[in-house]
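Okay, so here's the structure we're looking at.
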Amino acid sequence: MFTAVVIDIGKKIIRRLRLKINAPMERLFRSLKTENMPKYGYENDIIASDSIRDYIYKYYNSIRPHSHKLGLSPNKKEKYYWETFNSEAKKG
């Protein structure tokens, strides 16, 4: 009986962790679908691949502001982090 309860609790914890780990990827796909994908799909795989790559590297990570990153793009937030906190770590 006790083992079954522990296994059940373990499964619930793993399920919650998977949701938290998967959330950023789900958000990226949602943004990609709503902001970049043509209404009737791409003409072919090459155009789709180029369009998605450009969206992620040239817009999503470089330009698009993210509310949970102080309104900065991921690249700008990372630069801000290294300029701010890395200098503090070097002093210590």
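Things to note:
- Matching helices (runs of 4 or more DSSP H) fully within the chain where at least 1 residues are modelled with pLDDT under 85 and aromatic (Phe, Trp, Tyr): 2-35, 74-91
- Pair list, Cβ < 8 Å and 6+ apart or interchain, from region 22-33 residues that are closer than 17 Å to ILE63 by Cα to residues that are in a helix (DSSP H, G or I): LEU28/ILE56; LEU28/TYR60; SER31/TYR60; LEU32/ILE52; LEU32/TYR55; LEU32/ILE56; LEU32/TYR60
- So LYS39, is it basic (Lys, Arg) and surrounded by 11 or more Cβ atoms within 10 Å (Cβ to Cβ): no
The values are calculated or read from the model by the stated rules, or taken from the named source; none is laboratory data. Note that this is a predicted model, so its numbers are computed, not measured. Here Cβ is always computed from backbone atoms with ideal geometry, including for glycine, and neighbour counts include all displayed protein chains.
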